[in-house]
1. Using a 1.4 angstrom probe with every protein chain in place, what is the largest-first accessible-area order of A:HIS123, B:HIS76?
2. Nearest 100 Å² is fine: how much accessible area is buried between B and A, summed over both sides, with a 1.4 Å probe?
3. Given a Förster distance of 35 Å, report the FRET efficiency between B:GLU37 and A:SER26 from their Cβ-Cβ distance, rounded to the nearest 0.05.
4. For B:GLN91 paired with B:ARG9, estimate the spin-label separation in nm (one decimal), with each label point 7 Å from Cα along the Cα-to-Cβ line.
5. Past the 26 Å Cα-Cα mark, which pairs from A:LYS19/B:LYS23; A:LYS23/B:LYS77; A:LYS23/B:LYS19; A:LYS5/A:LYS73?
6. Heavy atoms only, probe 1.4 Å: what % of the accessible area of the protein assembly as shown goes to carbon and sulfur, would you let me know?
7. Give me the net charge of B:LYS23's neighbourhood, meaning all other residues with Cβ under 15 Å from the Cβ of B:LYS23; Lys, Arg count +1, Asp, Glu -1.
8. May I ask for the distance between the Cα centers of the range A:101-133 and the range B:83-133, given as a whole number of Å?
Protein chains: 2
Amino acid sequence: MSSQKMLTRNQFLVLDVLKEGEKPLSAYDILDRLRGEGLRAPLQIYRALSALIGRGHAHRLESLNAFVACAGKECHKSGLAAFAICEACGQANEFSDFVLRQRLEGWAEREGFRTSHSVVEMHGTCGACVIRS
Amino acid sequence: MSSQKMLTRNQFLVLDVLKEGEKPLSAYDILDRLRGEGLRAPLQIYRALSALIGRGHAHRLESLNAFVACAGKECHKSGLAAFAICEACGQANEFSDFVLRQRLEGWAEREGFRTSHSVVEMHGTCGACVIRS
DNA sequence: TTCTGTTATGTTATTTTATAACGGACTCAA
DNA sequence: TTGAGTCCGTTATAAAATAACATAACAGAA
Ligand SMILES: [Zn+2]
Ligand SMILES: [Zn+2]
Ligand SMILES: [Zn+2]
Ligand SMILES: [Zn+2]
């Protein structure tokens, strides 16, 4: 089962930056970190991001206008990636929760709503930062 | 108990436009509809929106960069407003779900995460548009 | 009253985020 | 070898949000 299509050079570079980054990065942040590799235009980044997100290698955080590498084990299986975003340290913690997904799908089914994608993003202060404060 | 502080003129105008609008509106959409009332700058809209959101009169849809008047009965009581956004007709349906909120708070509690605000936005096709297609 | 802190306002300029529109290079199969 | 598909790179532009600055309006304290 090698339906894993190869990543292009730009896609690989962008994904690598996301994996290195400890925090969500904006497209322009990513661009700045890849100027050394010859990338110059925002569109190069956005195109790579679209492809990566389409294949499940990365996620877009809607409430931050930023992007992260996928860190979930089951986010494809469960079909829903949720995030807890710390406003103090900036880190985003990806998790997935079957009940959560079930609950949303239940609502959708009752209402005849056909879901294509769900956004779940909690904002607040992470455990480490709570202690530190 | 008249702790209901008065809305300012700009806040009232913006909220009124949101209530009239059948769909989520961007700040610039709102501005365009209020030029007749003498509003000229985006900041006037953003300031009014911030105040309205702070008081629970309106919500921001993170995945659309757009705003809606609050249509929920219990979204303050339940502390969580969720939205189902139709990509066909553009309408956003606000709902609230206690189990959903409970589930998110449960995760947060286990992880020591202190939540300040949660974003739940489903994208897809609403019942009416599914039938129509 | 006058002073003073707070809140709301208005305006201009700028930053940040995202896309449109164009053309070239390459692969693969018909 | 031609045509479809995909990726690439560039320039220009649109869309969303904020910075910086200056003024007005007002309530409470002195
Ligand atoms: Zn994931
Ligand atoms: Zn933190
Ligand atoms: Zn509401
Ligand atoms: Zn619809």
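The values are calculated or read from the model by the stated rules, or taken from the named source; none is laboratory data. No experiment lies behind these values; they were computed from the predicted model shown. Cβ atoms come from the backbone with ideal geometry, glycine included; neighbour counts cover every protein chain shown. The protein model used for the area step is the full one, side chains on, heavy atoms only, and it has no ligands, DNA or RNA in it. Shrake-Rupley method; radii C 1.70, N 1.55, O 1.52, S 1.80 Å.
1. Working: A:HIS123 20, B:HIS76 125 Å².
The ranking, largest first, comes out as B:HIS76, A:HIS123.
2. Details: alone 9140 and 9140 Å², together 15350 Å².
Counting protein atoms only, the buried area is about 2900 Å².
3. Working from the Cβ atoms, E equals 0.50.
4. 3.5 nm
5. Details: A:LYS19/B:LYS23 37 Å; A:LYS23/B:LYS77 33 Å; A:LYS23/B:LYS19 37 Å; A:LYS5/A:LYS73 20 Å.
Result: A:LYS19/B:LYS23; A:LYS23/B:LYS77; A:LYS23/B:LYS19 exceed 26 Å.
6. Percent of accessible area from carbon and sulfur atoms in the protein assembly as shown: 49.
7. -4
8. About 7 Å separates the Cα centre of the range A:101-133 from the one of the range B:83-133.
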